[in-house]
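The values are calculated or read from the model by the stated rules, or taken from the named source; none is laboratory data. None of the values given here were measured: they were computed from a predicted structure. Backbone-built Cβ (ideal geometry, glycine too); neighbour counts: all protein chains shown.
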Amino acid sequence: MFDSHVAIRLDHAVSLVNALTDGAARGRDYTAPRGAELPAAVDAAMPHTGSASLPRAVDEAQAERLAGTARRMREVFRAVQEGELDAAAEAVNHLLRDTAARPRLDRVEGAGEDGGGVWHLHFHGANDSFASGVGASCATALALVVGGGLAGRLGVCQAERCDRVYADTSRNAARQFCSTACQNRTKAAAFRARKNR
């Protein structure tokens, strides 16, 4: 379904959208961090990101840029959820253009079975900033999903008072919630409603 590289980038897109955009989360209003709080929010959303090809340097300006990208990525999830595939594709195309996404192979020295190095596919330029590289990688992952006939794997939580997003990696593609907590909350509310009839 998704190769490991795309799955990681989709996970980053989901984490950034959920951490950096306003809305509702698990039954409560959610206000995304702003200003000086943004770099820590990016760190929390993407704890293990950074490499020789994309050094991690998240200052307030980089975090603001990622927050803007997250708001635009949310539009892709929303459009898919509402069955507006053309709007989702258009939003992805804008993200690809604005993040200057472009595939390239970079050699990672010391990796591989013989330790001599391997080639890895990246979707950003060699000298891009962290925010540009992450944005380009997430945009490309969304493009592969929407353009690869897997758009239905992107969703917005169906729990009441929650609009967090998810990428469904299950075998049966039946996911409807951003988390087990929202799924359990919904089941408990349905049980209470049946009991009170």
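Structure summary
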read-out: First in segment 152-163 and over 18 Å from residue 15 (Cβ atoms) and touching a residue at least 12 places away in the same chain (Cβ under 8 Å), second anywhere and hydrophobic (A, V, I, L, M, F, W, C) and in a helix (DSSP H, G or I), Cβ under 9 Å, 6 or more apart; value: 152/80; 158/182; 159/181; 159/182; 159/189; 160/182; 160/189
read-out: Residue tally, condition surrounded by 10 or more Cβ atoms within 10 Å (Cβ to Cβ) and out of contact with any Ser or Thr (no Cβ under 9 Å at 6 or more places or on another chain), over segment 174-184; value: 6
read-out: Residue 111, sole failed condition from (1) in a loop (DSSP other than H, G, I, E, B); (2) of a type outside the set (Asp, Glu); (3) surrounded by fewer than 19 Cβ atoms within 10 Å (Cβ to Cβ); (4) modelled with pLDDT of 90 or more; value: (4)
read-out: Test: residue in segment 125-148 that is modelled with pLDDT under 95, aromatic (Phe, Trp, Tyr) and surrounded by 11 or more Cβ atoms within 10 Å (Cβ to Cβ); value: yes
read-out: Residues being among the aliphatic types (A, V, I, L, M) and assigned to a strand (DSSP E or B) - total across segment 1-32; value: 2
read-out: Check on residue 52, hydrophobic (A, V, I, L, M, F, W, C), part of a helix (DSSP H, G or I) and modelled with pLDDT under 90; value: no
